[in-house]
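Take a look at the structure set out below.
The values are calculated or read from the model by the stated rules, or taken from the named source; none is laboratory data. Owing to the predicted nature of the structure, the values given are computational and were not obtained by experimental measurement. All Cβ positions, even for glycine, are placed from backbone atoms using ideal geometry, and neighbour counts span all protein chains on display.
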Amino acid sequence: MEPGDYYMLGSLRMREAKLESAAQCFEHDIALASKTGTYYFLGSSAIRLADLMLRLNNPSRAKEVMALVDDETGEYIDGAGFRTKAVLLREAEEQLIHRPSAE
């Protein structure tokens, strides 16, 4: 499969509310893009993956993914609207701050 194939499959799975499966597709897209040098969908996949990581309560991974893209990167996500790197990073920080500490 090509990186764009994983992007399209992940987007479809997001619409079907299959969040974990969608996240795996975007992870594959990012890994394959890095391996092949095909970065066309990288920004979109990273934004969508970060959004999913926040929904799945994994703000640390959301922050890691956002490090892959430029500051001006943004993407429209069905049901969430236009999401930007800055907004996702802020939400990740808020989740980390309000996360109950492990005791």
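Tabulated data
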item	result
2 or more residues modelled with pLDDT under 95, more than 11 Å from the chain's Cα centre (by Cα) and hydrophobic (A, V, I, L, M, F, W, C): qualifying helices (runs of 4 or more DSSP H) within the stretch 15-82	19-36
Restricting the stretch 84-101 to residues that are part of a helix (DSSP H, G or I) and among the β-branched types (V, I, T), the residue that is farthest from D51 (Cα to Cα)	I97
The stretch 1-14 - residue that is modelled with pLDDT under 90 and surrounded by 14 or more Cβ atoms within 10 Å (Cβ to Cβ) and, of those, farthest from T84 (Cα to Cα)	E2
The stretch 1-14, subset free of Cβ contacts under 8 Å to residues at least 40 places away in the same chain and over 17 Å from D78 (Cα atoms), residue nearest to the chain's Cα centre (by Cα)	Y6
Residue, farthest from R83 (Cα to Cα), within the stretch 15-48, restricted to residues that are of a type in the set (D, E, K, R) and surrounded by fewer than 23 Cβ atoms within 10 Å (Cβ to Cβ)	K35
Selection status of A80, small (G, A, S) and crowded, with 16+ Cβ neighbours inside 10 Å	no
Some residue of the stretch 77-88 being in contact (Cβ under 8 Å) with a residue 60 or more places away in the chain and not hydroxyl-bearing (S, T, Y)	yes
